[in-house]
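Here the structure is laid out as structure tokens; the discussion comes afterwards.
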Amino acid sequence: MKKAMKTNQICMIIPYFGREPEWFNLYLYSCSKQDNVDFYYYTDCLKPIKQYPNTHFVYLSYDKYCKIVSQRLNISFHPAHTYKLADLKPFLAIVHKDIISKYDWWSFGDLDLIFGNIGILMNAENMSRYDVITSHADRIAGHFTAIRTKSHYTDLMLCCENWKSLMQKDETLGVDERYFSEVVNPCYKVISFMYRHFFSYFTHDPVKTWNELQSITGRWHQRVLFKEMYTSPVPKSQDQAWYYYPATSKIVPPSDAYQGIYNNKSDGKMYLHFLFFKKTKYLDTDNYWRPGFYKIPSDYDFTQSKDSVKITSQAIEIKKL
């Protein structure tokens, strides 16, 4: 990897080991369209066919990466499964201090998505007003959260009394979305309890309810923006389609993708999270991707494409315009 230079305001750090997702060439291209973000990947996967100026790769073994984490956090971090790396997200700025010190903001995210326009959330107004910006209304989002580098939130997870024991357990515990949420917003446990045991039985507008509960406790997190971006839709049918336009980096959801408050296309363009397109423990359905669903060649040149990418629960494919 070339020496990191600060060309953008935001860096995103993603360690991943094993096999890259089928849609990785599409994902990387969508990253390249984020003009204000540099992406850093720590991986043992093969070098991608196409690389872009704002995507940087550090190649190393999983074992070596775990040793680096152990040294920099002063813990024993050697989980059997790479999925445990999801719990590492709130600590990535400590582990990769040499990288994030060059940027105004650092962020963490996932690979099971494609970006539309990060700037919808990471705009000048929000970045001047807040120190933490996340794409869920009810909690820290593991698939996208950004933190101002020179803020106490950068190493705030160290204030969690049992963080070492959480990180040294082999199983994945949701440290990023559960425990980090509780540290960022001290009233998270309270409003979660209120919502689960009372408001959830009456509300027809869950996001609005969460926002109202958050506003009550807002004085404890005035520098944190919890903003629901509706990034993780549930496909209703096999032919319900989302479209990604490589030339403009625009994501257009189907008109019936959301109900009521969710039917806001301007909020749906930040990125499209594939959680419910895959076979997942969070949803019991037969409507999900199966082997062979990704139909775009690995060497497809999105930079020259004038077509769109059609995404359904059955396939990701090029749609001729």
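Here are the numbers for the structure shown:
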read-out: Contact order relative to length of the stretch 1-99, as percent, for alpha carbon pairs under 8 angstrom and 6 or more apart; value: 26
read-out: Debye intensity ratio in log₁₀ form over the Cα atoms of the stretch 108-187, taken at each q of 0.14, 0.21, 0.27 Å⁻¹; value: -0.52, -1.08, -1.45
read-out: Length-normalised contact order for the stretch 60-134 - Cα pairs under 8 Å, 6+ apart - percent; value: 18
read-out: Ranked packing of 52-60, 110-118, 278-286, most packed first, by mean Cβ within 10 Å; value: 110-118, 52-60, 278-286
read-out: By average C-beta atoms within 10 angstrom, highest first, the peptides 63-69, 130-136, 39-45; value: 130-136, 39-45, 63-69
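Bear in mind that the values in this text are calculations on the coordinates, not laboratory data. Computed from a predicted model, the values in this text were never measured in an experiment. Heads up, the Cβs are rebuilt from the backbone with ideal geometry, glycines too, and the neighbour counts pull from every protein chain shown.
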